[in-house]
Structures are given as structure tokens and as C-alpha cells.
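What follows draws every value from the coordinates through simple rules; no lab data is involved. Given the structure is predicted, the values throughout are model-derived calculations rather than measurements. Counting neighbours? That spans all protein chains shown, and the Cβs are built from the backbone with ideal geometry, glycine included.
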Amino acid sequence: MEYTDFFTAFINWLLSFDKKALILAFSAIGAGLAMIAGIGPGVGQGYAAGIGAEVTGDNPKESKQSIMVMLLGAGIAETSGILSLVIALILLFGNPLINLDGDKLVLAASAIGAGLSMIAGIGPGIGQGYAAGKGCEASSKNPEASKSSMLVMLLGSAVAQTSGIFSLVIALLLMYANPLATIEGHQLILAASAIAAGLAMIAGVGPGVGQGYAAGKAAEAVGINPESSRGATLVMLLGSAIAQTSGVFSLVIALLLMYANPLVTLEGATIILAASALGAGFAMISGIGPGLGQGYAAGKGTEAVGLRPRLQAEVVKTMILGQAVAQTTGIYGLIIALVLLFANPLLQLL
Amino acid sequence: MSETTDLKINVYKYTIILACVAAGFLVFFIEDYVPLIYGLIFGTLIATLNFTLLANTIERAARMAPEKAKAYATSRYFIRYTIYGVVLYISIKADYINVIGTIIGLLLIKVVILIRYAFNDKTYYKKIFRKK
Amino acid sequence: MEPITGRALILACSAIGAGLAMIAGIGPGIGQGFAAGKGAEGVGRQPEAQGDIIRTMLLGAAVAETTGIYGLIVALILLFANPLINLL
């Protein structure tokens, strides 16, 4: 049936380009995708500056401390933007893929995968900016506790950077130590796997924003009630750790696709296997939701513990219960991804 | 009179110290360390410049009305972003600068912030993890 | 690459569709997390009401789950009970 061969024709057309041209073209797309993360710190720092302006207006005498806190917080918030910029510019001007051995379609797709992966940088950018704003506000309202609330804010912000680091690792692996380009197997499946790995990492947006929110709330809680700093920190860390789950699931799927690819050895129609890889990648994007929600829960839990530290046990119990429920849709996505990868039902239907 | 002057000087001091430590590490362990050192110096300088710009932005933004402050901070962020971009571009294109050195230099200042301000209070952490 | 039959194309697109359907999971994730946060806040304010708060929270979360389940059902149908290939 000739009308379905448009796809084969497209792939053959792509393959007719020489290796360098194909890789550089796809790298341009990857660079553009990576730059999307630049929005995050912009939004986050804007928010922080707004809060800073507000509290300075309300309380000009204490502004020194709060401006210090905001400066440090905003400095951390920039990191995701820089990392994305690094990946994008390397793809454009110092492309490592053109010198790698291996199939050109897979290398080109890896460039897109790397770009997609860096999109997750929006999360930490926004989250850490929120934390900076809240830290500044807490510092202004309670200058004596400024040091403690700043410490908690920075700690939480460091945690929020995790998703960005996972994404960076995947992107760098795809670019510098590409495991897929030299595997025996059909190039289309491997190329789709590279793109899927990048798609899966996009889920990092959720935990990034959520954990940043928790960090901000913790800073606020410590500002309101400095004696609660122990409880607030613990609850923030616990809640943030739970919020990281979706990010970890995505990382696992991405690493499976890259290092233990189950599809490439299966017998079956190539296009179904390639599409299954892509489907698995899309399914993991659902991790954004639980990441965000659980981070919000962590923040609210921290706030509650800050106000009444004696109730830590009950609050934590409720928070964890709610977070566990929120994880369900992330697990559904993981199940579909695993089914597509390891127990693919579509191949028998052919 | 700038509120953040002390903070800035503190951060610069530690950044220079950490940069020297990193440079020493590179000299000992890496063969071809000259491009890396150039990159490190370049990156550290630019990170310091951008930190200064960030400090100025925030000080000015704190004096503005909140909505204006947001727009101002965001627009200045993109200016700083462009500076990072130009710096990285130059580092990649120039043969005598190794881009990894520049990246380390740029990120060094973040590490300084975290080490100096988030992880420097031992008593705090002992208190947090005492009973766990 | 071997020429693609119509059947193979449909199955391939079903795989992608199943993956896209799971993106619906973002909604309940955010919503249930929001409920969890508000639940924790409520318990913090009134620990005696913990039982009621948790019950309400779980009830609301269960309702919020529905759209996520719709997405899961569509994905599972596309994978395990694919109706489209029989139409070919």
C-alpha cells in the first residue's frame, strides 16, 4: 500500500543527507529546545524581585538583610538557565556528535533528545526564584531569624536543582558518551529511543517547581517561628524527597532506553517498536503533575509544622498520605511506559 | 551606599580562593592545563561580573514598585543571559580557551554561595539530624 | 527498512497515542498534591479533626483521579484491545 510509505520515503530522504549535515541540522533543533528552559529563571527572578520591592517598600530599614537573601537566592536560580545555554551553545558551535562513531540518524536524534531533556530546567528556575522571593520576605518580616531562613531557603533550593542535574547528565551522556549509536539494531528504533529519553526527562519540571515551592514555604515558616526550624527543615526535606519520585522514574526510563534498550532486540515491525519507544517517552511526561503537587504538599506541610511544631507527626502523616495518592497517575504513566517497553502487546497484533 | 557590598566582597573573596584551588587541582592532574586555566579565569571573571550586575539589579528593583520590579528584573536577567551566551560562544570558538574551564568558572560562584551560606552552619545541621 | 503496511502504521500510531494519553496524568497529580497540602494545613490548624480532614481529602482526591483513569483506560484500550486494526 503505497500511501503508507510516505514515512519510509521521509526516513530515506533524511538518510540521504550526509552525516555532518543531518547531525548539525538536528542539533540546531535541539539547541532551540534546550533554550526553552531559559524562561524559568526569568520568571523566578522576576517574582523574587517583585517580592523584594514589596518588602523593601513596607520596611525600608531592614532592607539590607532581605536584599542579601534575595541576591543569594536569585544567584542560585540562574543555574538552570546557564546549564541550558551551555548545552545549546555546545550543540551549535562545538558539536561533539559529528565526531562520534555510529549511525547518523541515531546521533542526530540524540541531539534532539539532549535538547528535550534540558527543557526540565524551567522547573528549578521557577521554583528557586519563588524560594528566593519567600526567603527575602521572611527575612524582612523577622530580621533576627534572617540567617536561619536563608539557610533553609538555600538548602531547599539546592534540592530543587536535582531535576536539572538529572537532565544535564542525560543530555551530556547523549552528546559525549552516546551509548545508542553503536548498538547493533535498527537505527530507527535507536533514534526513537534517544528522543524518548529526552521526552521522559521533561518530567523534571514538576519536582523543580514543587521543591522550590517547599523551600520558599520553609523559609517563610522559619521566619515566622525560628524555634521550629528543625521540624520545618525535616518536613521540607522529607516532602521534597517524595516529590523527587517522578523525576527518578523518568531517569530510570531514560537510562533503560539508553543502556538496556529492550526494544532493539525484539522481533517485529520496526515502526511499531520505534513508536513504542516514543510512546513510553511521552507517557513519562505525566511525572510533571505529581512532582508539582507533592512539592506543594511539602510546602504546606512545612508551613503547618512551622506554625505548630508539636503537631509534626499528624501533619506529616496527612502530607505523606496525600502525596502517596498524588503519585498514582505518575505510576500509571510508568506502567504504560514499561508495558510499551517490556511487554509490548502490539507486536503480536501485526 | 550599597546594602550588598559586604556580601559581594565576601563572595568575591571565596570565589577567588576556590578558583585558585580549582586551578591548582587542574595543574596537577590534567596534562594540557593552559586552555583550562584560561577558561577558568574567563568564566570566573564573567560570573563575578554577572553577580555584580545581579546585585545592582536587585538593589534597584527593591526600590521600585512591585510590578515594575518584576519587569525590570526579568529584562535584566535576559541581558545577563546574553552575556553568558556570548562568553560561552567565545570559549567554544577560541582554540586557546577550553570551554569546560569556562563552565567550571561560571558555576563556581553558585558553589561558593551554597558552601558559604547554606552549608556553613554546623550547629544547625547537628540540631536537625540529632535525633534521626 | 521494510515497507510499512497499513496495519503496522496503525499499531505504531496507537503506541504513540497511548503515550500521549498518559499526559493527562499531570492534572490529578497537581490537584491531589494541592489537596494533600491543604489537608496538611488543616490538620496543623485542628488536629482533632484529623479523621474528617483525611476522609474529605481522600474523597476529593478520588474524584480528581477520574480523568487520570480515563487516560489510562484509553491507553490500555489502544494497547490491549485495539479496535482500529479491525476496521482496516
Going through B:Leu108, B:Leu45 one at a time, which residue ends up being within 27 Å of A:Gly44 (Cα to Cα), more than 10 Å from every other protein chain (Cβ to nearest Cβ) and either of a type in the set (Ser, Thr, Tyr) or crowded, with 21+ Cβ neighbours inside 10 Å (or both)? B:Leu108
Residues of region A:198-227 being surrounded by fewer than 24 Cβ atoms within 10 Å (Cβ to Cβ) and part of a helix (DSSP H, G or I), in sequence order, are A:Ile224, A:Pro226, A:Glu227
Every residue from region A:301-323 that is more than 7 Å from every other protein chain (Cβ to nearest Cβ), under 24 Å from C:Ile26 (Cα atoms) and without any contact (Cβ under 8 Å) to a residue 40 or more places away in the chain: A:Lys317
Within region A:181-197, identify whether any single residue is surrounded by 21 or more Cβ atoms within 10 Å (Cβ to Cβ), more than 25 Å from A:Asn12 (Cα to Cα) and either under 17 Å from the mean Cα position of the chain (by Cα) or touching a residue at least 24 places away in the same chain (Cβ under 8 Å) (or both), and answer yes or no. no
Which is on the phi < 0 side of the Ramachandran plot, surrounded by 15 or more Cβ atoms within 10 Å (Cβ to Cβ) and either without any contact (Cβ under 8 Å) to a residue 12 or more places away in the chain or of a type in the set (Gly, Ala, Ser) (or both), of B:Lys70, B:Lys126, B:Lys122? B:Lys70
Given A:Ala304, A:Ala337, which one is buried (at least 21 other Cβ atoms within 10 Å of the Cβ) and within 18 Å of A:Phe249 (Cβ to Cβ)? A:Ala337
Qualifying residues in region C:74-88 (those that are surrounded by fewer than 12 Cβ atoms within 10 Å (Cβ to Cβ) and free of Cβ contacts under 8 Å to residues at least 60 places away in the same chain) - the one nearest to C:Gly25 (Cα to Cα): C:Ala81
Enumerate the pairs (first residue in region A:152-163 and more than 9 Å from chain B (Cβ to nearest Cβ); second residue anywhere and among the charged types (D, E, K, R)) with beta-carbon separation below 6 Å, excluding pairs fewer than 6 apart on the same chain, so at least 6 apart or on different chains. none
Only one of (1) under 18 Å from A:Val69 (Cβ atoms); (2) buried (at least 24 other Cβ atoms within 10 Å of the Cβ) fails for A:Gly164. Which number is that? (1)
Taking A:Gly287 as meeting all but one of (1) buried (at least 19 other Cβ atoms within 10 Å of the Cβ); (2) facing another protein chain (nearest Cβ under 7 Å), write down the number of the exception. (2)
Within region A:64-74, is there a residue that is within 18 Å of the chain's Cα centre (by Cα) and in a helix (DSSP H, G or I)? no
